[in-house]
Amino acid sequence: MAEKSVYEHLKSEGVSRREFLKACGVLVGAMGMNKLPPVADSNLPPHLARGAKVIYQVAEALENKPRVPVIWLEFQDCAGCSEALTRSQSPTLVDLVLKQISIEYHETLTAAAGHQTEANKQAIMEQYRGQYLLVVEGSIPLGADGAYCTVGGRSAEDILREAADGAAAIIATGNCAAFGGLPMANPNPTDAKGVMDILTDKTVVNIPGCPAIPEATTGTIAHFLVFGTLPELDDLNRPKTFYGVTVHDRCLRRPFYEAGKFAKSFDDEGAKKGWCLYKLGCKGPTTYNACASIKWDGGTSFPIQSGHPCLGCSEPGFWDGGGFYQGQSAPLQRPAIGAVGAATAVGVVVGAGMAAANKAQKKG
Amino acid sequence: MDWNAFLAFTRGPLFYASLLIFIAGMVYRLVQVAMLGWDKDQSVARGSKAGGVVKSFLKGILILPFIPWIKGAFQKRPIMYIAGGLFHLGLFTVIFLGTPHMLVWKSLLGFGWPTLALPFVDWLAVAAIIGMLVLIVYRRTDAVLRLLSGPAEYLNWLFVFLPMISGYIMTHHLFFRYEVAYSLHMLSVDWMLIWIPFSRISHFMFYFFSRTIRGVEWGKRAVTP
């Protein structure tokens, strides 16, 4: 199984050379690669090397590389990220990564169930120790000794640590796995944590989103499969290819923001004309994600295009970042009447005290 | 550094604390001033006090600013008058009629109001920023003003200028990433809120009290112009 290269495996599955190259092209696009490796490496004079294409580099890698097994763990999740992947409209890429290449363990997609699946996972982890790719979906609860999420009688933390131990690379897909997501929202009853907060000694690639953009997940997996390395990451461990610019920067409603034309409700004239959703609580300006460029469902649309403000789902703590429909400029908390009253009382007492002291001093 | 987390801090707990300090501080100043008391005026009023107040505000806010050339302050220091006027006009437009700021008021007060288009607010913001620059240059170059200015004057200028310039940078996505500019804007605003009650910027409130009291005295003596 693992002795075959990716290309050989695909060939045996009936994929033609033409289809294979096409898939390589999709991968190149998905990984956002447009640069050649340094010219010196190509052993060609510069004027010839300039014409070479990344796609052949990818093709060559896939022709020679053995398949990399992927173990996909799900903890406190909704399987939405997996759903997004399987329903993604870029079948070449997703087929390539999900079906053809190497998912060895995935609770939602595996046909087998129970101890049989678990035994298979253990076998794969032993056989490919240090080589397999670990993808995590969902947050990990630490409360009540991990009793909030168990698989086969073992806690999520236990399973994660075991799998991470022998993994060549770890990818956290979705906001829950990356930053804790919904389970970690205030008051965080299960004491949920993201993967990188638990595996503090390892590099975890975060593909946040709710769900994560399928192309971002597969693109990152593909990068690892092709090159055996992780893509360049930002300070929150997100691949810069997909999380390099804000949704606002690439938003199709951006010109309306610049012109000061805002929709004031979901049903007014501005909303119908496609004006900026900033007043309706859009978090696009502070949200780093590829929604506005890759979009969803094969580039059909994305939330803002469909008339809904960005929730900021690729940022840490987005559930607690003020109301979804509250303008982003508004303060996160509205002062309680009691607090304002207390502040006023303090002012009155100190002011009166100072005035009395001044008067006493004057008389004396 | 996670600037989004820092932004959440400056928009959340820090803003909250600053606002409470601002409220406590302004109440403290007000109570202290109010408790200075008034001397009892035994003379019989010769005119309407309420009328005097109305006229005082009309004169101070609605009439004189638009015919400034009759004022001594304008005749003696036109640059200061115009720059100062533009600064205040721009400031109020941005704070009350700029969309993002209206949303702040809306979240605090529970109701909002229509706002002006961004380009219009933007030009007035530029006018206010230029006004402030002119004022600081004027303060440094005018011999009398320079003698009158201490650290407090320059700090007041700085603590108002920082929110203005960071807000402009943020609106136009200049130089910094948005959340960085936003954090800096909020940080400067939070500090300004704490600073205001204990500085002369508190004139934003006391101006109205002094106008009122002056109006009362004018009205009583029937000397309103």
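The values are calculated or read from the model by the stated rules, or taken from the named source; none is laboratory data. These numbers were taken from a predicted model, which means no experiment stands behind them. Because the Cβ atoms are built from the backbone with ideal geometry, glycine has one as well, and the counts that use them run over all protein chains shown. For accessibility, only protein heavy atoms count, side chains too; no ligands or nucleic acids. Shrake-Rupley method; radii C 1.70, N 1.55, O 1.52, S 1.80 Å.
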Rounded to the nearest 100 Å², what's the accessible area chains A and B bury against each other, both chains counted, probe 1.4 Å?
-> 3400
Quote the charge dipole size of chain A about the Cα centre in Debye, to the nearest 20; the model charges only the Cβ of Lys and Arg (+1) and of Asp and Glu (-1).
-> 1700
Carbon and sulfur atoms: what percent of the 1.4 Å accessible area of chain B do they account for?
-> 74
Among B:His101, A:Ala163, A:Ala292 - extreme Cα towards positive end, dipole of the protein assembly as shown, charges at beta-carbon | B:His101
Counting as exposed only chymotrypsin sites (Phe, Trp or Tyr not before Pro) in DSSP loop states with no more than 12 other Cβ atoms inside 10 Å, the longest exposed-site-free span of chain B is B:39-110
Partnerless cysteines (no other Cys beta carbon under 4.7 Å) identified across chain A are A:Cys24, A:Cys78, A:Cys81, A:Cys149, A:Cys176, A:Cys251, A:Cys276, A:Cys282, A:Cys291, A:Cys310
Taking the DSSP beta bridges in chain A as the whole, what percent of them are antiparallel, to the nearest 5?
-> 35
Using a 1.4 angstrom probe on protein heavy atoms only, which residues from segment A:341-364 are buried by at least 20 Å² of accessible area when all chains are present rather than their own chain alone?
-> A:Ala343, A:Thr344, A:Gly347, A:Val348, A:Gly351, A:Ala352, A:Met354, A:Ala355, A:Lys359
Roughly to the nearest percent, how much of the accessible area of segment A:66-243 is carbon and sulfur, given a 1.4 Å probe?
-> 49
Listed residue (A:Leu311, A:Ala342, A:Cys282) projecting farthest to the positive dipole end of segment A:245-346, Cβ model = A:Cys282
How many Å² of accessible area per residue for the protein assembly as shown, probe 1.4 Å?
-> 50
Roughly to the nearest percent, how much of the accessible area of segment A:245-346 is carbon and sulfur, given a 1.4 Å probe?
-> 59
Compare the Cα positions of B:Ser18, B:Leu174, B:Ile201 along the charge dipole of chain B (+1 at Cβ of Lys, Arg; -1 at Cβ of Asp, Glu; about the Cα centre) and return the one farthest towards the positive end.
-> B:Ile201
Across chain A, where is the longest run that never hits trypsin sites (Lys or Arg not before Pro) in a DSSP loop with at most 10 other C-beta atoms within 10 Å?
-> A:36-272
In debye to the nearest 20, the charge dipole size for segment A:245-346, taken about the Cα centre with +1 at each Lys and Arg Cβ and -1 at each Asp and Glu Cβ, equals 220
Looking at chain A, do any whole DSSP H helices span at least 30 angstrom along their long axis by alpha carbon and average -1.0 or above on Kyte-Doolittle, and which?
-> A:337-363
